[in-house]
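Trainee: After the structure tokens below, expect a handful of questions from me.
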Amino acid sequence: MDILHNLAFGFEHALTWQNLMFCAIGCVVGTLVGLLPGLGPLATISVLLPLTYSIPVNGALIMLAGIYYGAQYGDSVSAITMKIPHASSIVACIDGYQMTLKGKTGLALFTAGISSFIGGTVAIVVLACLAPTLGEVAFLFGPADYCSLMLLGFLCVSFVTTGSLLNGLAMCLIGVLFGQIGTDVNSGMERYTFDMPFLAEGVGLVSIALGCFGIAEISKNLDAKNERTPFNGKIHLMPTWPEFKRIIPSALRGSVIGSVLGILPGGGPTIAQFAAYAVDKKVSKYRHEIGDGAIEGVAGQAAADEAAARTSFIPLMSIGIPENPVMALMMAAFIIKGIQPGPNMIGGHPDIFWGLVASMWVGNVFLVVLNVPLVRYWLSVFKIPYNVLFPSILFFCCVGTFSVNNNLDDIFVTAAFGLAGYIFMRLDMDPAPLMLGFILGPMLEENFRRAMLISRGHFDVFVQRPISATLLAIIAFFIAWQFIAFILSNRKGAKSAKAAGGHDDDDTKGKDGGGVTPQVA
């Protein structure tokens, strides 16, 4: 009853005309930001942060939050239609773009929109009910626990890759190596920079994503002799009832995974999408279709993406710790308005806390109303001639890359990864595991070194801590399970081949031993 009372109190503030207007502005701007390659919520909030001085407290925070979770809606559009992802829509390129190639772009976009709505709704319930308690969960994780969690994340390689497992592991290792480029945090020494100053801060995730997926896909399409656009003029938007029944379980699983990972520092939408995709590929009834244009491959990651974006507010508002750069900017917005996020925020500023929570659900409705009817207009991009579309996409990729650090060198880095991505595609090597290795590699190294410093070099810290020991046990169980399944499948295949060979020999004996002389052609 207290939660319902608090939500009613929050809706009183969120449903004022002024706050509704700011919520709508944030959702529209966030969606447009998601559509443009490379231009994410971080750059947009950075530009708009000074404007919050002249906007009321509730309205400013509601607008900035709308930009953040609104971008999670919009970024799936470019990933599904043109295979040009943002950091939080990398997995959408796998099945979403395959659905586009099969002429199901409308269905893929509709699935992403509805699944995002489900994920956002579940996360808002979690945020409203468990924010004061779940914020303390982050304190339970130490460096050893995060290290084990990152190792568990590397197991997603076997599910994310669409090719052979060996190629996937090789690409993941390449991603880990790219993640080591830059300045070592502990020693201050530059690693793998080749005396190039612009590599001192490392390679940007935006450069790799736009290069390996966007520019590489464009280059591949230029080689195509047939019609380059996958759009055939027909729009299949609404899913059938069997398709809808496939969307709901996957979206609910992704919502739970995203809600949990959104709470943990270092988690967020980028990690949540890989985890949701890996779970779907393991437990879904249609897991054999995932990777080849299955609805589950779009629904699960979209729900996890949106849920993680919402629950990432929990550590900020409950314990005052931002878990990613966007949350750090949101914290700056709170402080600019004279509000200190933390344990006292809920009691000291209930109107702001519950008004922001309620506005997220209002924004969720705005985003569904805004995005689902506009699916037909998103598809009109395929009607543009490719000789016009190609340089336009390339231009936006360059603008998006440049806008991150205002550095021209980033454009050349993106072009280099575009060439590398094109080579990977020609060799049938999926770049998705490379992104997973690039994201998890530095996080694994950082937490491993912290754990070693705290334990004075003793490895038993990983089994002494309950959370770390549990995660390592899960990893060991999973590897053993996969190994046993591999052996059993090989034995079954050998027995089947032997039985088939014996059956053929019996048939031959029956034919030859029946007294009939075989005719020779």
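The values are calculated or read from the model by the stated rules, or taken from the named source; none is laboratory data. Quick caveat: nothing in here was measured; it's all calculated off a predicted structure. All Cβ positions, even for glycine, are placed from backbone atoms using ideal geometry, and neighbour counts span all protein chains on display. Ligands, DNA and RNA are stripped out before the accessible areas are found, and what is left, the full protein with its side chains, is counted by its heavy atoms. Shrake-Rupley method; radii C 1.70, N 1.55, O 1.52, S 1.80 Å.
Trainee: Keeping all protein chains in the complex and leaving out DNA, RNA and ligands, what accessible area do you get for I393 with a 1.4 Å probe, in Å² to the nearest 10?
Mentor: 20
Trainee: Using a 1.4 angstrom probe on the protein heavy atoms only, line up D145, D409, D430 by accessible area, largest first.
Mentor: D409, D430, D145
Trainee: Here is a further query. In a Debye calculation with equal point scatterers on the alpha-carbon sites of region 260-299 and no solvent, what is log10 I(q)/I(0) at q = 0.16 Å⁻¹?
Mentor: -0.42
Trainee: Please give the peptides 21-33, 203-215, 185-197 ranked by average Cβ packing (other Cβ atoms within 10 Å per residue), highest first, as a rough proxy for protection. Numbers along the way, then the final one.
Mentor: On the way: 21-33: 22.2, 203-215: 25.9, 185-197: 10.6.
The densest-packed peptide leads the list: 203-215, 21-33, 185-197.
Trainee: Continuing with this model, one more query. Would you rank R246, R450, R253 by solvent-accessible area, highest first, keeping every protein chain in place and using a 1.4 Å probe?
Mentor: Values: R246 45, R450 115, R253 70 Å².
Correct descending sequence by accessible area is R450, R253, R246.
Trainee: Arrange the residues E243, E12 by how much accessible surface each exposes, largest first, with a 1.4 angstrom probe.
Mentor: So, going from the largest accessible area down, we get E12, E243.
Trainee: Follow-up question, since we're still on this one. Please compute the net charge surrounding G120, taking Lys and Arg as +1 and Asp and Glu as -1 over other residues with Cβ under 9 Å from its Cβ.
Mentor: Taking every Cβ under 9 Å from that of G120, the sum is 0.
Trainee: Taking a probe of 1.4 angstrom, what is the accessible area of H86 in Å², to the nearest 10?
Mentor: Surface accessible to solvent at H86 totals approximately 20 Å².
Trainee: A further question on this structure: Could you pull the accessible area for I484 with a 1.4 Å probe, rounded to 10 Å²?
Mentor: Rounded to the nearest 10, the figure is 90 Å².
Trainee: What ranking do 69-75, 101-107 get when scored by the average of other Cβ atoms within 10 Å per residue, highest first?
Mentor: Ranked from most to least packed, the peptides come out as 69-75, 101-107.
Trainee: For region 384-470, count the residues as N, evaluate 2.2 N^0.38 Å, and divide the Cα radius of gyration by that value, please.
Mentor: Ratio of Rg to 2.2 N^0.38 Å for region 384-470: 1.71.
Trainee: Grab the other residues whose beta carbon is less than 13 angstrom from that of D292, score K and R as +1, D and E as -1, and report the net.
Mentor: Around D292, the charge tally is 0.
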